[in-house]
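The structure appears below as structure tokens.
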Amino acid sequence: MTASEDRNLPLFERARQVIPGGVNSPVRAFRAVGGTPRFVKRAEGAYFWDANDQRFIDYIGSWGPMILGHGHPAVLEAVQKAALDGFSYGAPTEREIELAEKIIEMMPSIEMVRLVNSGTEAGMSAIRLARGVTGRRTIVKFEGCYHGHADALLVKGGSGMATFGHPTSAGVPPEVVQHTLVLEFNNVAQLEEAFEQYGVDIACVILEPIAGNMNFVRASPEFAKRARELCTENAALLIFDEVMTGFRVGLNSAQGVMGITPDITVMGKVIGGGMPLAAFGASRAIMEHLAPLGPVYQAGTLSGNPIATACGLATLNEISKPGFFDSLSARTTRLVDGLAGAAAKAGLDFAKDSQGGMFGFFLLDHLPQHYTQVLKTDTEKFGRLFHGLLDRGVYIAPALYEAGFVSGAHTDADIDETVAAAAEVFAKL
Ligand code: PMP
């Protein structure tokens, strides 16, 4: 196709006139990989079609939520039915109870849950709750973990050092992040030091149990266990941000896979099945600090939205069916093993990992353990890989710091087509 025939280009031009960067979330703009973003017309199953009616095998799935693929019949039916009963009431509904009960049934560490509209809101509220419960100020986060764009969480540390970090965004005054301690992921000694030095003022430690915002980096068993112990010993709260991993890496999420019980869990993506819905949950004793019962304020006009809860509930019911995660995991493994085999044939460094329906890979000879190691990946080479796949109808995340997602709608044939495309691209890398 010539540039003059590409319908994505004029849409991007038009979008850039009225929306900053032409997008409503930065990574969609293809800044890291160059080129023109694909404007999506429609999606079905494992595919979406762009403005040129070109079909792509979708390994983003809206950045995680679409675990059943697009337009799963049971979910569609639930959403259509809910829409007929009204879009939003601002008053309680039975479906909110059902979704809360379902989340609690699947997430053993949770006794009560509050629904919100985005992962950002859920993370921000969880931090406020932790500070409210403990009466302490300091929050510990890890470099390379993303917890949404709330001010106090937009912080980066300096070169792998334990630091009260500096803002990663303009518009965040240093004072706002002065109580955010940024540490290196998977660095047990540093976490121990931080507790030794600041333990009495640490309200919480927040982490992604499998960090999907630096591609795919697992918290090591030792690190997760030590984080749990240190929080308990110091009366700080351990927060697992399972916005990405929740109901995505397994039926009981990353905490189930790892056998670690956090105090507060932050959720999003899959629990909304593609609708704006997120949540945070904890024990009854912790959650009862929230308004209207307790002094920690938190609220939302659209929270518990009836269409979103219908979509989320139908999604969770489908993934709870026997065998769903076994077959999802098998397909994800088939994908990463296939890619690794193709890379080996091409003589490329390639390291991969996956859990349930979430995967990551690096153009490196080892799996990174923290952000500084992740940064060693060759971004230029990744850009060529991305565009090579895109040209062949395979859509992976347009940035190397992002995990990928397989859905229940991907077939072995889709996976094999993807691996064959990758083999062609790898040969030219
Ligand atoms: N936490 C994690 C682990 C995430 O991956 C994300 C989004 N990718 C968020 C929080 C923020 O969620 P949202 O984009 O819905 O605000």
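Rounded to the nearest 20 debye, the dipole size of the chain about its Cα centre is 600 debye, using +1 on the Cβ of Lys and Arg and -1 on the Cβ of Asp and Glu. For segment 360-420, the solvent-accessible area of protein heavy atoms averages 37 Å² per residue (probe radius 1.4 Å; ligands and nucleic acids excluded). Can you give the local net charge around Leu293? Use residues other than it whose beta-carbon is closer than 12 angstrom to its beta-carbon, Lys and Arg +1, Asp and Glu -1. Value of the local net charge: +1. Accessible surface of Lys381, taken over heavy atoms with a 1.4 Å probe and every protein chain present, rounds to 60 Å².
Rolling a 1.4 Å probe over the protein heavy atoms leaves Ser4 with an accessible area of roughly 110 Å².
Kyte-Doolittle cut-off -0.5, length cut-off 24 Å along the helix's own axis using Cα: show which whole DSSP H helices in the chain pass.
Length and hydropathy pass: 324-345, 412-428.
Comparing Pro209, Pro262, Pro73 in a Gaussian network model of the chain (Cα springs below 10 Å), the most mobile by mean-square fluctuation is Pro73.
Compute the distance from the alpha-carbon center of segment 307-367 to that of segment 177-255, in whole Å. Answer, in whole Å: 23.
Approximating the spin labels as points 7 Å out from Cα along Cα→Cβ, the Val23-to-Thr168 distance works out to 1.5 nm.
Using the C-alpha atoms of the chain, what convex hull volume per residue, in cubic angstrom, is computed? Intermediate results must be reported in sequence, preceding the final value.
Values: hull volume 60.8 nm³, N = 429.
Considering the Cα atoms of the chain, their hull volume per residue is 142 Å³.
DSSP bridge analysis restricted to the chain gives an antiparallel fraction near 60%, rounded to the nearest 5. For Glu143, the solvent-accessible surface computed with a 1.4 Å probe is close to 20 Å², ligands and nucleic acids excluded. For the chain, the mean residue ellipticity at 222 nm estimated from helices alone is -11500 deg cm²/dmol, where every DSSP H run of n ≥ 4 contributes -39500 (n - 2.57) and the total is divided by all residues, rounded to the nearest 500. Computed about its Cα centre, the charge dipole of segment 283-429 is approximately 160 debye, with only Lys, Arg, Asp and Glu carrying charge at their Cβ. Ranking Ala340, Thr377, Ala194 by how far each Cα lies toward the positive end of the dipole of the chain (charges on Cβ) leaves Thr377 at the top.
Mean silhouette area of segment 365-429, derived from the convex hull of its C-alpha atoms and averaged over all directions, reads 5.1 nm². Accessible surface comparison of Tyr297, Tyr198, Tyr395, probe 1.4 Å, protein chains only, largest first: the order is Tyr297, Tyr198, Tyr395.
For segment 43-148, chymotrypsin sites (Phe, Trp or Tyr not before Pro) are listed when DSSP marks them as loop and at most 12 other Cβ atoms sit within 10 Å of their Cβ; the list is Phe87, Tyr89. Computed over protein heavy atoms with a 1.4 Å probe, the carbon and sulfur contribution to the accessible area of the chain reaches 54%. If only the Cβ of Lys and Arg carry +1 and only the Cβ of Asp and Glu carry -1, the dipole of segment 182-297 around its Cα centre is close to 560 debye. Under 5 Å between amide hydrogens, built in the peptide plane, is the criterion, and for Lys156 it picks out His166, Thr168 among residues at least 5 positions away or on other chains. Taking Asp263, Asp416 and ordering them by how much accessible surface each has at a 1.4 Å probe, largest first, produces Asp416, Asp263.
Specify the residue with the greatest mean-square fluctuation among Gly171, Gly119, Gly338, computed from a Gaussian network of the chain linking alpha-carbon atoms under 10 Å apart. Comparing Gly171, Gly119, Gly338 in the GNM, the peak value goes to Gly171. Positive contributions from Lys and Arg (+1) and negative ones from Asp and Glu (-1), summed over other residues with Cβ under 9 Å from the Cβ of Val266, come out at -2. Per the Kirkwood formula applied to alpha carbons, segment 118-276 shows a radius of gyration over Rh ratio, Rg over Rh, of 0.93. In terms of distances greater than 27 angstrom between alpha carbons, the cross-link table entries Lys156/Lys381; Lys156/Lys345; Lys41/Lys102 yield Lys156/Lys345; Lys41/Lys102.
The values are calculated or read from the model by the stated rules, or taken from the named source; none is laboratory data. All values reported here derive from a predicted model rather than from experimental measurement. Reconstructed Cβ throughout: ideal geometry from the backbone, glycine too, with neighbour counts over all protein chains shown. Each accessible area value is taken on the protein alone, full model and side chains, heavy atoms only, with ligands, DNA and RNA left out. Shrake-Rupley method; radii C 1.70, N 1.55, O 1.52, S 1.80 Å.
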